[in-house]
Amino acid sequence: MVNEKKRVLSGTQPTGRLHIGHLVGALRNYVSLQEENNCFYSVVDWHALTSMYSDPGKLQAYVTEVAAGFIAAGVDPEKSVIFVQSDVKEHAELHLLLSMMTPLAWLERVPTYKEKKAQITDKDLSNYGFLGYPVLQTADIIIYKANLVPVGEDQLYHLELAREIVRRFHHITGTSIFPEPEAKLTVARRVPGLDGRKMSKSYGNAIYLEDTEEEITKKLLTMVTDTRRVRRTDPGDPDDCPVFDLHKIFSTPTEQADCATGCRTAGIGCFDCKKVLIPHVLEEVLPVGDRVKRLKEDGDYLNDVLDAGAIKAREVAASTMDEVRSAMNLKRH
Ligand code: TRP
Ligand code: SF4
């Protein structure tokens with residue numbers, strides 16, 4: 001049997017500097033998927049505007065940051081299509097058409113919508129675009145007929161919704177234009193920040209790709225651990241420790257086993273445990289940070305990559321939209 005290449009699409013919002021949550025939660029997967037599949041990786045600037053609309057001054061700097069991050073992490077512009085969402089206007093057209101048939105109730109019950117509205121109090125998120133965020137995300141994915149979507153755990157509901165919208169579209173139009181996209185979770189489903197909550201710029205608990213060796217070391221040395229280990233002699237539980245979650249992402253299996261035993265028996269202290277982790281984080285993150293810095297300095301190269309990516313993405317998106325317009329009887333001839 002011929003092993004047909006699958007289509008992959010993912011998007012990253014340009015809302016700030018990239019941190020190790022992006023690197024191990026998504027970018028590692030972007031890179032591993034590109035060898036065997038047909039991959040499209042997008043800097044989703046319209047999505048960023050759903051929350052940054054009133055203050056878009058830094059948007060272009062963040063677009064550059066994210067595009068540089070993709071390439072620095074190992075996404076190869078010769079193998080994958082790297083593009084900016086707003087360069088492909090077809091996403092907006094498909095979003096509009098999908099919005100006609102997406103029930104409001106489906107959007108109002110999206111957990112990320114409810115959570116963000118509750119958590120983010122310094123911005124007004126009672127706007128129409130923010131509610132429609134997952135519909136735009138669905139358009140991003142299905143316009144490339146993507147089968148796989150590398151994302152973190154927090155995006156599972158959006159993917160479920162995308163499949164529901166696809167089924168509804170097919171039911172209403174009597175077509176079967178789109179595959180039902182599936183999430184491809186990374187090994188690091190959830191990357192903890194320095195305070196144990198999910199790593200996020202808005203929590204101020206992130207290790208950034210461009211942090212220096214000293215900054216990364218200091219952040220990890222002060223990172224919270226299992227609260228049971230008040231004194232050095234108190235045993236802990238690695239399953240309740242965010243530092244150990246990072247061990248699982250960065251350290252070798254033997255080191256993980258040794259640290260876990262040492263923790264449970266109070267054989268080692270948290271400082272010793274962190275000393276094992278830190279070199280691994282530095283080894284992976286510092287070279288990526290260096291490349292991000294250098295890529296950002298070479299704006300022409302990045303622009304060329306994004307311009308070429310837009311052309312390739314547009315070609316696929318335009319052809320899908322042709323089918324969609326027919327399905328919705330939008331063609332006069
Ligand atoms: N919602 C995603 C996030 O916050 C970003 C995103 C937008 C996306 N469009 C996408 C992810 C399409 C995967 C596929 O991480
Ligand atoms: Fe966490 Fe390691 Fe300390 Fe145990 S020893 S609580 S795993 S940092």
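Looking only at the stretch 99-115, count every residue that is touching a residue at least 12 places away in the same chain (Cβ under 8 Å) and under 23 Å from the mean Cα position of the chain (by Cα) and tell me the total.
7
Search the stretch 55-68 for residues that are touching a residue at least 24 places away in the same chain (Cβ under 8 Å) and pair each with any residue that is surrounded by fewer than 12 Cβ atoms within 10 Å (Cβ to Cβ) when their beta-carbon atoms are under 8 Å apart and the residues are at least 6 apart or on different chains.
THR64/GLY299
Just to check your reading of the model, which residue among ARG168, ARG163, ARG189 is basic (Lys, Arg), under 21 Å from LEU27 (Cα atoms) and either away from ligand 2 (no atom under 16 Å from the Cβ) or at pLDDT 95 or above (or both)?
On the way: ARG168 fails: under 21 Å from LEU27 (Cα atoms); ARG163 fails: under 21 Å from LEU27 (Cα atoms).
Of the residues listed, the single one that is basic (Lys, Arg), under 21 Å from LEU27 (Cα atoms) and either away from ligand 2 (no atom under 16 Å from the Cβ) or at pLDDT 95 or above (or both) is ARG189.
Can you give me the number of residues within the stretch 178-190 that are over 13 Å from the mean Cα position of the chain (by Cα) and either surrounded by fewer than 21 Cβ atoms within 10 Å (Cβ to Cβ) or basic (Lys, Arg) (or both)? Lay out the reasoning, then the answer.
The initial filter retains those residues of the stretch 178-190 that are over 13 Å from the mean Cα position of the chain (by Cα), namely 178-182, 187.
Now narrow it down to the ones that are either surrounded by fewer than 21 Cβ atoms within 10 Å (Cβ to Cβ) or basic (Lys, Arg) (or both): 179-180, 182, 187.
Summing the residues that are over 13 Å from the mean Cα position of the chain (by Cα) and either surrounded by fewer than 21 Cβ atoms within 10 Å (Cβ to Cβ) or basic (Lys, Arg) (or both) in the stretch 178-190 gives 4.
Considering every residue within the stretch 92-104, establish whether at least one is farther than 20 Å from SER42 by Cβ, more than 15 Å from ligand 1 (Cβ to nearest atom) and hydroxyl-bearing (Ser, Thr, Tyr). Write out each step before concluding.
Of all residues in the stretch 92-104, those farther than 20 Å from SER42 by Cβ come to 100-104.
Subsequent filtering for residues that are more than 15 Å from ligand 1 (Cβ to nearest atom) retains 100-104.
Okay, now just the ones that are also hydroxyl-bearing (Ser, Thr, Tyr), so 102.
Checked against the condition, which is being farther than 20 Å from SER42 by Cβ, more than 15 Å from ligand 1 (Cβ to nearest atom) and hydroxyl-bearing (Ser, Thr, Tyr), the stretch 92-104 yields at least one hit.
Of everything in the stretch 268-281, what is free of Cβ contacts under 8 Å to residues at least 60 places away in the same chain and more than 9 Å from ligand 2 (Cβ to nearest atom)? Give them in sequence order. Lay out the reasoning, then the answer.
Initial filter on the stretch 268-281 (free of Cβ contacts under 8 Å to residues at least 60 places away in the same chain): 268-277, 279-280.
Selection gives LYS275, PRO279, HIS280.
Being in contact (Cβ under 8 Å) with a residue 24 or more places away in the chain and under 17 Å from TYR41 (Cβ atoms) is the filter here, so list the residues in the stretch 282-306 that pass it.
VAL288, ARG291, VAL292, LEU295, LEU302, VAL305, LEU306
Could you tell me whether THR222 is within 15 Å of ligand 2 (Cβ to nearest atom), of a type in the set (S, T, N, Q) and at pLDDT below 95?
Spelling it out, it is not the case that THR222 is within 15 Å of ligand 2 (Cβ to nearest atom), of a type in the set (S, T, N, Q) and at pLDDT below 95.
TYR53 is checked against (1) at pLDDT 95 or above; (2) touching a helix residue (DSSP H, G or I) at 6+ places or on another chain (Cβ under 8 Å) and fails just one. What number does that condition carry?
Tallying (1) at pLDDT 95 or above; (2) touching a helix residue (DSSP H, G or I) at 6+ places or on another chain (Cβ under 8 Å), TYR53 fails exactly one: (1).
Name the residues in the stretch 68-98 that are under 17 Å from GLN13 (Cβ atoms) and within 18 Å of the chain's Cα centre (by Cα), would you?
Restricting attention to the stretch 68-98, the residues satisfying the condition of being under 17 Å from GLN13 (Cβ atoms) are 68-70, 73, 75, 82-88, 91-92, 95.
If the condition is that a residue be under 17 Å from GLN13 (Cβ atoms) and within 18 Å of the chain's Cα centre (by Cα), then ALA68, GLY69, PHE70, ALA73, VAL75, ILE82, PHE83, VAL84, GLN85, SER86 are the ones that fit.
For the stretch 138-177, enumerate the residues that are within 16 Å of PRO103 (Cβ to Cβ), among the β-branched types (Val, Ile, Thr) and within 17 Å of the chain's Cα centre (by Cα).
Taking the stretch 138-177 and keeping what is within 16 Å of PRO103 (Cβ to Cβ), we get 138, 157-158, 160-172.
Imposing the further condition that a residue be among the β-branched types (Val, Ile, Thr) reduces the set to 138, 165-166, 172.
Within the stretch 138-177, just THR138 meets the criteria.
Being of a type outside the set (Gly, Ala, Ser) and either under 22 Å from the mean Cα position of the chain (by Cα) or surrounded by 12 or more Cβ atoms within 10 Å (Cβ to Cβ) (or both) is the filter here; which residues of the stretch 299-314 pass it? Steps first, please.
At the first step, the residues of the stretch 299-314 found to be of a type outside the set (Gly, Ala, Ser) are 300-307, 311-312, 314.
Within the stretch 299-314, TYR301, LEU302, ASN303, ASP304, VAL305, LEU306, ASP307, ILE311, LYS312, ARG314 meet the criteria.
Quick one: in the stretch 144-187, which of the residues that are among the small types (Gly, Ala, Ser) and in contact with a strand residue (DSSP E or B) (Cβ under 6 Å, 6 or more places away or on another chain) is farthest from LEU94 (Cα to Cα)? It would help to see each step written out before you state the result.
Just the residues of the stretch 144-187 that are among the small types (Gly, Ala, Ser), to begin with: 146, 152, 162, 174, 176, 183.
From what's left, in contact with a strand residue (DSSP E or B) (Cβ under 6 Å, 6 or more places away or on another chain): 146, 183.
Details: ALA146: 15, ALA183: 21 Å.
Per the criteria, the residue is ALA183.
The values are calculated or read from the model by the stated rules, or taken from the named source; none is laboratory data. Model, not experiment: these values are computed from the prediction. Glycine gets a Cβ as well: all are built from the backbone with ideal geometry, and neighbour counts include every protein chain shown.
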